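See structure below.
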Amino acid sequence: MNTATALPSNPSPAAVEFALLQSWLASSSALRLPLHHIESQQADKGREVGGEELLYSHRRLGTRRLITVFGAVELIRMGYSRPGVPSIFPLDQALALPARSFSYELQRRLVKAAAQNPFLESVQTIAELTGVSVSKRSLEEILPHAAQDFDVFYRQRPPDPASGSLLVAAVDCKGIPVVKPVAARPALRLTKGQKANKKRMATVATVFTRAPWVRTPQQVLESLFPTSRRTSSDKSMPPRPENKRVWASLLKGKTAVIREVAEEMDRRDQSRSLTRVALADGERALQIRVKLKLNVTLILDLMHVLEKLWKAAYVLHAEGSLEADLWVLNRTLRILLGEVGQVVKGIRQTITKRGLSGAKRKTMEAVAGYFHRNRARMQYDEYLANGWPIASGPVEGACKNLIRDRMERSGMRWTEPMAEAIVKLRAIYLSGDFDRYWEFHIEQDQQRLYPAVWTVVPK
């Protein structure tokens, strides 16, 4: 019995010859030959294959139990073996069965449910829909395996067409509550200030294409601080992001994720004809990596600017007061008009004139230093005139949808490998790529499971 599958990426000479032999046997010319001619020519061609194939001379009939969405089934199939290597089962390969005892369709439903909801809720939902009971532990074993083809899937995927002339990237960080390693856990009762768990920062990224959206500083200010009720007729809608992809990693680190952002941008813009911009917060380490890896105009997210302004306002005025609101509104407009230097100068003069000291002085100096350090990335008047984005709403939304809504529910604590698997699978789900990814995952899994060429010699 001879069986062959698609050739691997670097086939051996014997594998190539075997594939050619198989193609010849299936050809119309071979099918017109008498049997004795086929026997003769196949014997000659078979010698060219050489001795590189694995010869499986032992066979045994056995059963395999597979759990499907319709329940458990038993397969009776022949297994072939040889000393020193795993046995092979041609029927498993012919039916494209997984290595696990759960069918690919059942795994797909479990993984898709787990990307959205807690594990226990996921297995209960599948049990209600199919009547098939799967343990929570089995689901936890499936998930890391299901996520392993994430990087390869996006590297090989051709870019989708887009009409926008802006290629936008945004990078941020978001904490995920993780469990401490067993060795790091205190054996006795926790002392004051100790925590049983901690957060580890995941790097979150998004890339999308968008059309320019030209606005004035006054229009942006009105959207941030509306002074009148807006109607549908005067509401200017921003252009929607095209082909938005979001993803995150807890284990790779900032440099690796930003390198992936660069690869994604190059994949979408191979001719480098699009205008490239990137948004980030004021974290220096993140900014340095973005500047080194991405050939883009780096823009400081306006929402982080507003956070700093509110901190300064509450040093000078009571929280919730009209004076604080007006102070922030005035400085926001001046920053949007390109007067960052004047705002910094004014904050520093306020420190001196009011004789601020202690924590209040420290806060005001930190805000002034933040604006001064980022002034080259705060040229909002130019960005708005060009129609570029100035706020990282997409990546902030990614932090919320990708991580907070799934990973930070009450009482949740994650091991790092499981958190990495879930953020990958959830990113695939939120990007609308889950079904395409699953088909790709099955193809990759089959290539890992079954050898390209093997030969069975009857006993």
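Scanning segment 224-242 for residues that are open to solvent by less than 60 Å² (accessible area, probe 1.4 Å) and either at pLDDT below 70 or not in a loop (DSSP other than H, G, I, E, B) (or both) turns up LEU224, GLU242. Among the residues of segment 268-295, those identified as open to solvent by less than 70 Å² (accessible area, probe 1.4 Å), in a loop (DSSP other than H, G, I, E, B) and farther than 25 Å from THR332 by Cα are ASP269, LEU274, LEU294. Candidates in segment 254-267 are the residues that are among the hydrophobic types (A, V, I, L, M, F, W, C) and in contact with a helix residue (DSSP H, G or I) (Cβ under 6 Å, 6 or more places away or on another chain); of these, the one that is surrounded by the most Cβ atoms within 10 Å (Cβ to Cβ) is ILE258.
Screening LYS112 with (1) in a helix (DSSP H, G or I); (2) farther than 30 Å from SER392 by Cα; (3) of a type in the set (Lys, Arg) gives one miss only, at (2). The single condition among (1) more than 16 Å from THR206 (Cβ to Cβ); (2) under 20 Å from the mean Cα position of the chain (by Cα) that LYS311 does not satisfy is (2). All of (1) open to solvent by less than 50 Å² (accessible area, probe 1.4 Å); (2) touching a helix residue (DSSP H, G or I) at 6+ places or on another chain (Cβ under 7 Å); (3) of a type outside the set (Ser, Thr, Tyr); (4) touching a residue at least 40 places away in the same chain (Cβ under 8 Å) hold for LEU337 with one exception: (1).
Counting only helices (runs of 4 or more DSSP H) that sit wholly inside segment 375-450, those with at least 2 residues that are under 16 Å from GLN107 (Cβ atoms) and at pLDDT 95 or above are 416-430, 434-449.
Can you confirm whether segment 367-375 contains a residue that is of a type in the set (Val, Ile, Thr), crowded, with 20+ Cβ neighbours inside 10 Å and in contact with a strand residue (DSSP E or B) (Cβ under 8 Å, 6 or more places away or on another chain)? Checked segment 367-375: no residue is of a type in the set (Val, Ile, Thr), crowded, with 20+ Cβ neighbours inside 10 Å and in contact with a strand residue (DSSP E or B) (Cβ under 8 Å, 6 or more places away or on another chain). Restricting THR363, THR350 to residues that are more than 38 Å from the chain's Cα centre (by Cα) and among the β-branched types (Val, Ile, Thr) narrows the list to THR350. Selection of segment 397-417 for residues being within 15 Å of ALA114 (Cβ to Cβ), open to solvent by 10 Å² or more (accessible area, probe 1.4 Å) and touching a helix residue (DSSP H, G or I) at 6+ places or on another chain (Cβ under 7 Å) yields TRP414, PRO417.
Checking the stated criteria, ALA248 turns out to be within 13 Å of the chain's Cα centre (by Cα) and either within 24 Å of ILE422 (Cα to Cα) or not hydrophobic (A, V, I, L, M, F, W, C) (or both). For segment 118-138, check the following and say yes or no: at least one residue is in a helix (DSSP H, G or I), at pLDDT below 95 and surrounded by 15 or more Cβ atoms within 10 Å (Cβ to Cβ). Checking segment 118-138: at least one residue is in a helix (DSSP H, G or I), at pLDDT below 95 and surrounded by 15 or more Cβ atoms within 10 Å (Cβ to Cβ). The residues on offer are PRO144, PRO90, and the sole one that is open to solvent by 40 Å² or more (accessible area, probe 1.4 Å) and under 23 Å from ARG448 (Cβ atoms) is PRO144. When the residues of segment 297-320 are filtered to those that are part of a loop (DSSP other than H, G, I, E, B) and open to solvent by 20 Å² or more (accessible area, probe 1.4 Å), the one that is modelled with the lowest pLDDT is GLY320. If you scan segment 55-86, which residues turn out to be surrounded by 14 or more Cβ atoms within 10 Å (Cβ to Cβ) and under 36 Å from the mean Cα position of the chain (by Cα)? Listed by number, the residues that qualify are ARG64, LEU66, ILE67, THR68, VAL69. Taking the criterion of being surrounded by fewer than 21 Cβ atoms within 10 Å (Cβ to Cβ) and among the basic types (Lys, Arg), the residues of segment 243-253 that qualify are LYS244, LYS252. Summed over segment 378-390, residues that are in contact with a Leu (Cβ under 6 Å, 6 or more places away or on another chain) and either open to solvent by 50 Å² or more (accessible area, probe 1.4 Å) or under 16 Å from TYR314 (Cβ atoms) (or both) total 1.
The values are calculated or read from the model by the stated rules, or taken from the named source; none is laboratory data. From a predicted model like this one, the values you see are computed outputs, not experimental measurements. Every residue, glycine as well, gets a Cβ built from its backbone with ideal geometry; the counts of neighbours run over all protein chains shown. Just so you know, the surface numbers come from the protein's heavy atoms only, side chains and all, with ligands and any DNA or RNA stripped out. Shrake-Rupley method; radii C 1.70, N 1.55, O 1.52, S 1.80 Å.
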